[in-house]
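S.K.: I have a structure I would like to understand better, so I am pasting it below and will then ask my questions one at a time.
The values are calculated or read from the model by the stated rules, or taken from the named source; none is laboratory data. Keep in mind that what you see is a predicted model, and the values were worked out from it rather than measured. Neighbour counts are summed over all protein chains in view; Cβ atoms, including those assigned to glycine, are modelled from backbone coordinates with ideal geometry. Please note that ligands, DNA and RNA were not included when accessible areas were found on the heavy atoms of the full protein model with its side chains. Shrake-Rupley method; radii C 1.70, N 1.55, O 1.52, S 1.80 Å.
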Amino acid sequence: MEGVEAKAVGVHIDRVTQLQDSVDEQCKMLFSSLHYLHKRAGMVQVSSDIPVTQQNSNAESSDDFSQRTQEIATDICRQAKKIDTLAESLPGTTNAIGELEKDFQELNRENEQVTVELQEANRQARELLDSLSAMLTAIADNFGSSTT
């Protein structure tokens, strides 16, 4: 039973790691896309009162820029969907309340069982300590009476 539970916990941790990696990847994608837009966008006049006085020498053609921004947007959306899927697969995000209560009750039963085992081990340790203490007292008494 413990091996199965450990494996299940490992799967959940693996999913959390995958989720974190996916979020990190999306952050990199967003940063890279902003860098691309900043460096490769051509200057466009947005107002007739403000003329374009400089051109971006690294700018791509309108068609290439438009196609590339579409690819970037598609990649970002795909990564967001991957993140959503991983988040939904985590435990507790889709579990019904009854299922969560059942899991909680099972954990509570296991906790009670371990508590009883711990109390029994504690009782045995106290008995052993009392026995050792009695033996040491007897040895000390015998040693003290034999020296007099």
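S.K.: Which of the following values of semi-axes √(5λ) of the Cα gyration tensor in Å was calculated from the structure shown: (i) 34, 17, 15; (ii) 72, 24, 12; (iii) 31, 20, 12?
M.R.: Of the labelled values, this structure produces (ii).
S.K.: Using a Gaussian network model of the chain whose springs link C-alpha atoms within less than 10 Å, name the residue from V46, V23, V116 with the highest mean-square fluctuation.
M.R.: V46
S.K.: Under a 10 Å cutoff between Cα atoms, tell me which one of N56, N111, N122 has the largest fluctuation in the Gaussian network model of the chain.
M.R.: Highest fluctuation of the listed residues: N122.
S.K.: For the range 14-148, give the magnitude of the charge dipole about the Cα centre (Cβ charges: +1 Lys/Arg, -1 Asp/Glu; no others), in debye to the nearest 20.
M.R.: 540 debye
S.K.: Also: Each label point is 7 Å from the Cα along the Cα-to-Cβ direction; what then is the distance between the points at F143 and D14, in nm?
M.R.: It works out to 5.8 nm between the two label points.
S.K.: Say the dipole of the chain comes from +1 at the beta carbon of Lys and Arg and -1 at that of Asp and Glu; which of A87, S22, Q113 then lies farthest toward its positive end?
M.R.: Of the candidates, S22 comes out farthest on the positive side.
S.K.: If I build a Gaussian network model for the chain, linking alpha-carbon pairs within less than 10 angstrom, which residue out of L37, L136, L19 has the largest mean-square fluctuation?
M.R.: Result: L136 has the largest fluctuation of those listed.
S.K.: Heavy-atom accessible area of E112 with all protein chains present, probe 1.4 Å, nearest 10 Å²?
M.R.: 110 Å²
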